[in-house]
Every structure is written in C-alpha cells, then in structure tokens.
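Chemist: This is the structure, below, for whatever I ask next.
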Protein chains: 2
Amino acid sequence: MTLSTKESIIALAENHIQQNGYNAFSYHDIARQLGVRNAAVHYHFPKKEDLLMAVVEKSERHFQNMVETSRSNDNTYLEKLNRFLKIYDDNLDRQNRVCLVGALATDLFTLPTHLRPALYRLVESMKDWLAEVLNEARNKGEFMFDGSAFDRAALICSSMAGALQLARVLGNKEYEAIKSQLIKDLTK
Amino acid sequence: MTLSTKESIIALAENHIQQNGYNAFSYHDIARQLGVRNAAVHYHFPKKEDLLMAVVEKSERHFQNMVETSRSNDNTYLEKLNRFLKIYDDNLDRQNRVCLVGALATDLFTLPTHLRPALYRLVESMKDWLAEVLNEARNKGEFMFDGSAFDRAALICSSMAGALQLARVLGNKEYEAIKSQLIKDLTK
DNA sequence: TTATATACTTACTTATTAGTAAGTAAATAT
DNA sequence: ATATTTACTTACTAATAAGTAAGTATATAA
C-alpha cells in the first residue's frame with residue numbers, strides 16, 4: 001500500500017490538523033516530511049483550503065468505509081457501536097490525535113466558509129448513522145436509554161470528541177473511563 | 001467595571017483563543033482592537049506564552065469564583081450542577097466560544113510545555129469539584145448514576161466541551177439537546 | 001517522431017509573525 | 001525640584017507564511 005505523493009500530502013495534512021489544528025502547520029512542514037519542495041505541494045493543492053477539503057473528503061470516505069464494513073460484518077448493535085468508537089480509539093493511539101471534527105470545529109471561524117457544508121455533511125452522516133444504530137438497538141431491546149436517538153447520538157459524538165481532548169491533558173486512562181461510562185449508560 | 005489595559009488584553013486574548021485557538025491570533029489583532037501599538041501588548045506580556053498563562057490563570061480564578069458563589073448560594077445539587085453548566089452556556093452565548101480547555105487541548109502540542117501544569121490544574125480542579133458534587137448528590141439521593149463520580153465528572157466535562165464544538169457545526173439546538181440528555185441521565 | 005501532459009524544481013513576492021531597542025510623556029516617589 | 005517608574009510610542013529585525021511564475025526532466029499520446 002504505497003501512497004502517491006498526493007495521497008501522502010493528504011495523510012500528512014490530516015495528521016497535522018488532528019495533532020495541532022489547521023492553523024499550526026504550513027506547506028513547508030508537509031514538503032519537508034515528504035522530501036519535496038514547497039511548490040510541489042502547491043502543485044497538487046494550489047490553495048491550503050484545497051488541501052483541507054481533500055482531508056475532509058478523505059474522512060468522509062473513511063467513515064463510509066466503516067459503515068459498509070459494519071453492515072457486512074457486525075451482528076450485534078454493540079459490535080456496530082464499538083466499530084464506531086474504534087475510530088476514536090485509533091486517533092488516541094496515533095499520538096493522541098483529536099478527532100477531525102473536534103479539531104476543525106475549534107478552528108471553524110478561521111476556515112473558508114465554503115468548507116462548512118462539507119464538515120456539516122460529515123458530522124450529520126456520523127450522527128445519523130449512529131442514531132439509526134441506537135434506535136434499532138433500543139427497539140430490539142439490546143440498548144436502553146431515555147430521550148431521542150438523535151440526541152443520544154449527538155451526546156456520544158460530543159463526548160468522544162471531548163474525551164480525546166481531555167485525554168491529552170489528563171491522560172489516556174480518562175479516555176477509557178469516559179468511553180466505558182458511555183457504553184454502560186446504554187447497556188445497563 | 002472599567003478594565004485596565006492589561007485586563008483588556010487578557011480579555012481579548014481569552015476571546016481570541018476560545019473563538020479561533022491560540023495559533024490564530026496575533027499581538028497585532030489585540031493591539032488593533034485596543035487602539036494601541038503592537039509593542040504596548042509586549043510591554044504587558046513580553047512573550048505570547050506570558051499572555052496565555054494569564055488567560056489560564058484568569059480562567060482558574062473565574063472557576064474558583066463560581067465555586068465560592070455556589071457554596072454560599074446553592075441549596076440543591078441540581079443548582080450546583082446548573083451553575084457549573086452555566087459556564088458553558090455563557091461561552092455558547094458569546095458567539096459560540098468553545099471552552100478554554102477544549103481550545104487549548106486541541107493546540108496543546110504547539111504550546112510551551114510549562115503551560116501544561118497550569119492547564120492540568122484547571123481541568124483537575126473542575127473535575128474534582130464536579131465529582132464531589134455528583135458524589136454527595138448521589139449519597140443524598142438527589143442524583144442517580146452508575147460508576148465512579150470521578151468518571152461521571154470526566155464524562156460531563158468532555159461532553160460539554162464537545163457540545164460547544166458540535167454546536168458550531170450543527171447549531172445551538174444540538175447543544176441544548178446534549179445538555180438536557182446529560183441532566184436527564186443523572187436525575188431520572 | 002513530435003507534441004503534450006505530469007510532476008516536479010528554483011527563485012521569487014508580499015504579507016504577517018513574535019519579538020526588541022530606543023525614545024517619550026505623564027504620573028509618582030523622594 | 002528632581003529622579004524614577006509606568007505606560008506607552010516609533011522604528012526596526014529575523015523568521016515564516018501562502019502563493020506564483022517560469023523552467024525542466026520524464027512519461028505518455030498522437
């Protein structure tokens with residue numbers, strides 16, 4: 001699985017954004033890590049916002065891949081939930097990355113406005129999928145919770161985003177504690 | 001309540017950090033808003049990290065004030081909880097600021113390392129106070145929840161931090177939904 | 001074989017950044 | 001009355017930022 005230069009640039013940018021935010025990396029950083037010159041990055045992504053859009057689109061594809069994998073592999077709703085939460089686990093494991101949505105939400109007002117619809121679509125699709133899982137799981141008696149499935153999905157998304165951030169300050173044990181509380185609230 | 005130049009600088013920096021992050025504002029931005037020159041800001045805070053430290057310290061004082069006010073005014077644990085949550089409400093009302101901890105956690109690895117202990121102290125003191133409230137409330141039968149009060153406190157802190165971020169993308173209704181789910185989980 | 005598209009390079013511009021040095025006017029202390 | 005501290009100013013530096021223009025080597029297409 002060797003990446004093209006273009007794919008490598010996207011992967012490096014994604015990493016920078018989730019490590020330090022959109023405003024804390026430069027084309028020079030990417031170029032240095034890749035062993036090319038500044039202008040090579042501009043060749044593939046003329047403006048920084050083009051690169052950002054590519055990162056968001058990659059994340060959309062990544063999430064849709066998870067959805068497909070879950071559809072064809074997971075039998076229980078807990079398995080589906082855990083596959084969703086694994087996205088956050090993977091970020092934690094990769095040097096305490098925060099989730100893309102959390103990182104970009106903090107920087108949101110500094111981003112070109114035409115990026116917001118893409119980010120909105122990403123968050124909505126995550127929330128919608130999770131709400132559907134929660135709703136069906138409750139109907140089948142596998143999960144239990146009060147209130148709407150959409151609100152519960154929003155709570156889980158925001159808790160996990162916040163947990164990755166809190167883990168940076170208080171340590172990874174805090175992340176595990178939050179995650180297990182969330183699951184406990186659904187299954188007990 | 002007219003602020004000194006120094007206090008104004010701190011307030012403006014706090015606002016910038018919670019609006020756009022630490023790496024998206026400059027001394028020039030502050031100076032322009034204040035109607036002074038760049039070097040005037042450096043006079044009060046020689047390095048940017050000095051200004052950041054002052055912002056964190058202000059937040060520590062602000063939280064301690066809330067604790068004192070709560071101690072002498074709130075009779076129920078729900079009142080204490082709501083006073084805590086009001087900190088987040090106030091950020092939402094101020095042009096969708098995210099919480100300071102959430103903003104700085106995202107930028108954490110770009111900050112001077114000596115700032116981390118101060119941030120750690122702030123988060124710990126918030127979590128500890130909230131855990132104590134939750135624990136006593138559960139002992140008195142006012143709240144109900146599973147697991148340790150510390151883990152539940154961590155969940156609430158991360159959920160609220162995440163809720164402010166999600167609200168930027170999905171709208172403020174989402175924030176209210178998340179918050180009421182959190183309260184419902186404690187009181188039902 | 002020749003033309004063209006791809007994937008870069010070197011070299012540059014313009015803007016912005018944090019930070020400093022030296023000067024000044026006004027308030028305060030001696 | 002004089003000295004000193006406070007709160008700035010102007011004027012600057014060195015570094016870094018995004019972005020562009022023009023050139024080049026290689027692969028591909030006509």
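Just so you know, all these numbers are worked out from the coordinates, no wet-lab data involved. This one's a predicted model, so the numbers in the text were calculated from it and none came from an experiment. All Cβ positions, even for glycine, are placed from backbone atoms using ideal geometry, and neighbour counts span all protein chains on display.
Chemist: What is the helix-to-structure angle for B:5-20, meaning the angle in degrees between its Cα long axis and the longest Cα principal axis of chain B, kept from 0 to 90 and rounded to the nearest 10?
Modeler: With rounding to tens, the tilt is 60 degrees.
Chemist: Roughly how many Å is it from the Cα centre of the range A:138-181 to that of the range B:100-117, as a whole number?
Modeler: 23 Å
Chemist: For the range A:1-120, take every pair of Cα atoms, bin their distances at 10 Å starting from 0, and report each bin as a whole percent.
Modeler: Spelled out bin by bin, the range A:1-120 gives 12, 40, 33, 12, 2 percent.
Chemist: A follow-up question, please. Any idea what Rg and Dmax come out to for the range B:19-80 if you just take the C-alpha atoms, in Å?
Modeler: 16.9, 49
Chemist: How big is the Kirkwood radius of the range A:106-147, worked out from every pair of different alpha carbons and given in Å to one decimal?
Modeler: 12.3 Å
Chemist: With a 10 Å Cβ neighbour count serving as the proxy for reagent exposure, in which order, fewest first, do B:85, B:170 appear?
Modeler: B:85, B:170
Chemist: Within the range A:18-120, report the trypsin sites (Lys or Arg not before Pro) that DSSP leaves as loop and that have at most 16 other Cβ atoms within 10 Å.
Modeler: A:37, A:47, A:94
Chemist: Please compute the modelled spin-label separation between residue A:140 and residue A:3, points set 7 Å along Cα→Cβ, answer in nm with one decimal.
Modeler: Label at residue A:3, label at residue A:140, 3.5 nm between them.
Chemist: Here is a follow-up. Bin by bin, in steps of 5 Å, what percent of the Cα pairs in the range A:53-188 do you find, going until the bin that has the longest distance?
Modeler: Final binned percentages: 2, 10, 19, 22, 21, 16, 7, 3, 0.
Chemist: Quick check: the angle from helix A:149-170's long axis to the longest principal axis of chain A, C-alpha only, nearest 10 degrees?
Modeler: 60 degrees
Chemist: Pop a pseudo-label 7 angstrom from the Cα along the beta-carbon direction at both residue A:87 and residue B:75 and give the gap in nm to one decimal.
Modeler: Here the modelled spin labels are 4.6 nm apart.
Chemist: Along Cα→Cβ, 7 Å out, is where each label goes; now give me the distance between the ones at residue A:180 and residue B:148 in nm to one decimal.
Modeler: Computed distance between label sites residue A:180 and residue B:148 equals 0.9 nm.
Chemist: Same structure, new question: 7 Å along Cα→Cβ for the label point: how many nanometres lie between residue A:114 and each equivalent label in the other copies, listed shortest first?
Modeler: Nearest to farthest, the other copies are at 4.5 nm.
Chemist: So how long is each side of the protein assembly as shown along the principal axes, counting just the alpha-carbon atoms, biggest first, in Å?
Modeler: 58, 56, 31
Chemist: Give the relative contact order (percent, whole number) for chain A; include only Cα pairs under 8 Å separated by 6+ residues.
Modeler: The normalised contact order for chain A reaches 21 percent.
Chemist: Further, regarding this structure: Compute the acute angle (0 to 90°) between the alpha-carbon long axis of helix A:116-139 and the principal axis of greatest extent of the alpha-carbon atoms of chain A; round to the nearest 10°.
Modeler: The angle comes out at about 20 degrees.
Chemist: Here is a follow-up. Net charge around residue B:121, counting only other residues with Cβ within less than 13 Å of its Cβ (Lys, Arg = +1; Asp, Glu = -1)?
Modeler: Within the 13 Å Cβ shell, the charges total -1.
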